[in-house]
Amino acid sequence: MLKDIRKNRIKKLEALKKAGFNPYPARVGRTHMVGEVIDSINQLLRTKKSVRLAGRVMAVRGHGGSTFVDLVDATGKVQCYLKKDTLKKQYDFFLEHVDIGDFIGVEGHLFNTKKGEKTLEVKKYNLLVKSLLPLPEKWHGLQDVEERYRKRYLDLLFNPEVKAKLVLRSRIAGSIRALLSENCFLEVETPVLQPLPGGALARPFKTHLNALDMDLYLRIAPELYLKRLLVGGFEKIYEMGRVFRNEGMDRAHNPEFTMLELYWAYRDYDELMSFVEKFIQRLVRTLFKKTTFEYEGHALNVKGKWPRIEYDSLLKKYAKIDYYRATELSLGKKVRQLGIKVGKSATKGELADEIYKKVVQPKLIRPTFVINHPVEISPLAKRLESDSRKAARFQLIMGGVELVNGFSELNDPQDQFVRFQEQEKLRRAGGKESHPMDKDFIEALEYGMPPAAGLGIGIDRLVAVLTNSHSLREILLFPTMKSKQRH
């Protein structure tokens with residue numbers, strides 16, 4: 001059936017070309033967007049000004065010598081009225097050659113129908129794009145969600161709520177940049193292709209640069225390059241861009257995602273937490289004009305002071321684990337009881353963190369700062385001066401989702417070197433997510449990096465929470481998908 005429709009449309013296309021028509025012209029000549037026409041229709045009705053619109057044909061309804069067409073562009077939908085008496089041969093040409101899904105340009109005057117519908121009476125039109133495949137009749141509410149993600153272009157056409165979320169995503173990114181600029185942060189760019197994958201504990205994607213015959217990695221974080229800029233004299237910097245982690249996929253993880261990393265010289269993690277609190281509160285008010293929004297059945301209120309709770313106390317409360325007294329053996333047993341899959345080389349800190357993610361994090365609904373994580377899972381953070389077992393680190397959890405990870409940045413080159421050595425041991429033991437030794441970064445630290453606080457915000461996760469989306473796939477235009485076999 002689909003093949004027959006496509007074959008028929010190709011015949012129409014060939015007939016148009018044979019008759020001397022260009023079915024894909026470059027010039028459109030549009031004078032108004034549909035949304036502009038709808039907003040200013042009263043003025044256009046008074047002046048009887050002719051307008052030229054362009055868009056996709058989404059519906060055609062014939063009534064004897066007249067035809068009504070729904071024309072859609074990025075700003076809205078308008079009804080177009082074609083009369084045989086007015087268009088004469090062009091009317092029959094439209095019925096014969098134009099299909100739902102085609103793009104057309106229309107010119108005419110606006111009027112209101114007896115039912116009050118805003119309508120354009122078409123005086124002339126032209127075909128802008130001849131489509132070869134028909135738009136599906138039943139796409140809205142499609143049960144095969146993966147098919148929606150594979151053909152996102154159709155999803156956007158038929159599901160306005162999907163498009164609205166993705167438009168809001170763009171607004172969120174723009175608002176974040178505006179707020180950071182207002183606070184005098186400078187946006188910078190660092191390499192996506194890196195000789196060493198550093199700045200986070202994650203498994204990288206590997207590639208090869210033929211020109212220099214060297215292996216490179218898609219960045220897992222921009223952190224170590226941004227810190228080099230602190231050494232170079234910048235004090236308030238950030239980067240918002242794509243990062244890549246060759247890890248598992250689920251509702252909260254996609255192999256490539258957008259990360260905001262921010263660094264602020266002469267600040268510590270306490271001061272950065274206060275900044276994050278005000279920043280998120282301001283962002284929510286900017287987007288929603290209030291401090292409360294819905295996520296997964298919860299009314300999240302960002303107003304007021306957010307609690308700061310120690311990582312080990314949360315493990316004790318919800319998982320009944322005393323981290324600093326627990327052994328690797330006891331944590332491994334707990335992990336198996338919970339059905340969590342971990343690698344054979346998982347350390348005590350990694351085992352505890354998997355338990356934390358499984359048992360503790362989902363219970364943290366209201367905005368909460370989880371603070372002072374074990375140093376062994378925080379290789380780039382400063383130790384607490386009051387307790388060297390703990391890092392001056394925080395995570396912001398909201399609705400059970402980790403949105404922000406930050407800390408007082410480690411700027412002691414000797415301590416950093418020792419921590420990299422410990423990570424290297426884990427790598428040799430099979431730890432694919434362990435941090436590699438980066439001697440170039442150590443050298444940069446030896447020139448002196450100012451005291452600083454830094455953070456990372458998963459923009460995709462933040463957008464998912466702010467748009468009440470269960471999965472990251474809902475707010476990614478093109479989520480990573482398994483290749484579909486074609487026969």
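The values are calculated or read from the model by the stated rules, or taken from the named source; none is laboratory data. Model, not experiment: these values are computed from the prediction. Cβ sites come from the backbone with ideal geometry, for glycine too, and all protein chains shown count toward neighbours.
Brief remarks on what is shown
- With respect to the conditions (1) under 24 Å from the mean Cα position of the chain (by Cα); (2) modelled with pLDDT of 95 or more; (3) assigned to a loop (DSSP other than H, G, I, E, B), Trp139 falls short on a single one, namely (2).
- Check on Arg251, of a type in the set (D, E, K, R), in contact (Cβ under 8 Å) with a residue 60 or more places away in the chain and out of contact with any strand residue (DSSP E or B) (no Cβ under 8 Å at 6 or more places or on another chain): yes
- Scanning the range 39-55 for residues that are under 26 Å from Leu135 (Cβ atoms) and either outside the structural domain of Glu107 (by TED's automatic domain parsing) or without any contact (Cβ under 8 Å) to a residue 60 or more places away in the chain (or both) yields Arg52, Gly55.
- Filtering Leu132, Leu95, Leu120, Leu110 for residues that are aliphatic (A, V, I, L, M) and part of a helix (DSSP H, G or I) leaves a single hit, Leu95.
- Criterion: in contact (Cβ under 8 Å) with a residue 24 or more places away in the chain and out of contact with any strand residue (DSSP E or B) (no Cβ under 6 Å at 6 or more places or on another chain) - qualifying residue of Leu132, Leu154: Leu132
- Filter pass, Arg30 being outside any helix (DSSP H, G or I) and out of contact with any Leu (no Cβ under 9 Å at 6 or more places or on another chain): no
- Flag for Leu216 being within 20 Å of the chain's Cα centre (by Cα), assigned by TED's automatic domain parsing to the domain that holds Ile459, surrounded by 15 or more Cβ atoms within 10 Å (Cβ to Cβ) and modelled with pLDDT of 95 or more: no
- Residue within the range 403-422 that is touching a residue at least 60 places away in the same chain (Cβ under 8 Å) and farther than 23 Å from Tyr238 by Cα present: no
- Looking across the range 327-382, just one residue is among the aliphatic types (A, V, I, L, M), in a loop (DSSP other than H, G, I, E, B), in contact (Cβ under 8 Å) with a residue 24 or more places away in the chain and surrounded by fewer than 21 Cβ atoms within 10 Å (Cβ to Cβ), and that is Ile365.
- Lone qualifier among Glu350, Glu261, Glu310, Glu328 - being closer than 29 Å to Leu224 by Cα, at pLDDT below 95 and either assigned by TED's automatic domain parsing to the domain that holds Gly406 or among the acidic types (Asp, Glu) (or both): Glu350
- Count of the range 18-38 residues which are more than 13 Å from Gly105 (Cβ to Cβ), free of Cβ contacts under 8 Å to residues at least 40 places away in the same chain and surrounded by 13 or more Cβ atoms within 10 Å (Cβ to Cβ): 1
- For Leu110, the criteria (1) surrounded by 17 or more Cβ atoms within 10 Å (Cβ to Cβ); (2) within 32 Å of the chain's Cα centre (by Cα) hold in every case but one, which is (2).
- Residue within the range 85-94 that is more than 29 Å from Lys7 (Cβ to Cβ), in the same structural domain as His32 (by TED's automatic domain parsing), out of contact with any strand residue (DSSP E or B) (no Cβ under 6 Å at 6 or more places or on another chain) and charged (D, E, K, R) present: yes
- Scope the range 366-415; condition aliphatic (A, V, I, L, M), farther than 23 Å from Glu446 by Cβ and either outside the structural domain of Gly297 (by TED's automatic domain parsing) or touching a Leu at 6+ places or on another chain (Cβ under 7 Å) (or both); matching residues: Val370, Leu396, Ile397, Met398, Leu403, Val404
- Going through (1) touching a Leu at 6+ places or on another chain (Cβ under 8 Å); (2) closer than 30 Å to Glu474 by Cβ; (3) basic (Lys, Arg) one by one, Lys130 falls short only on (2).
- Restricting the search to helices (runs of 4 or more DSSP H) fully inside the range 144-217 and requiring at least 3 residues that are within 18 Å of Arg461 (Cβ to Cβ) gives 160-182.
Yes/no matrix, rows are residues, columns are (1) of a type in the set (A, V, I, L, M, F, W, C); (2) modelled with pLDDT of 95 or more; (3) part of a helix (DSSP H, G or I):
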{"residue": "Asp4", "(1), (2), (3)": "no, no, yes"}
{"residue": "Ala15", "(1), (2), (3)": "yes, no, yes"}
{"residue": "Phe21", "(1), (2), (3)": "yes, no, no"}
{"residue": "Glu36", "(1), (2), (3)": "no, no, yes"}
{"residue": "Leu45", "(1), (2), (3)": "yes, no, yes"}
{"residue": "Arg56", "(1), (2), (3)": "no, yes, no"}
{"residue": "Val69", "(1), (2), (3)": "yes, yes, no"}
{"residue": "Asp85", "(1), (2), (3)": "no, no, yes"}
{"residue": "Gln90", "(1), (2), (3)": "no, no, yes"}
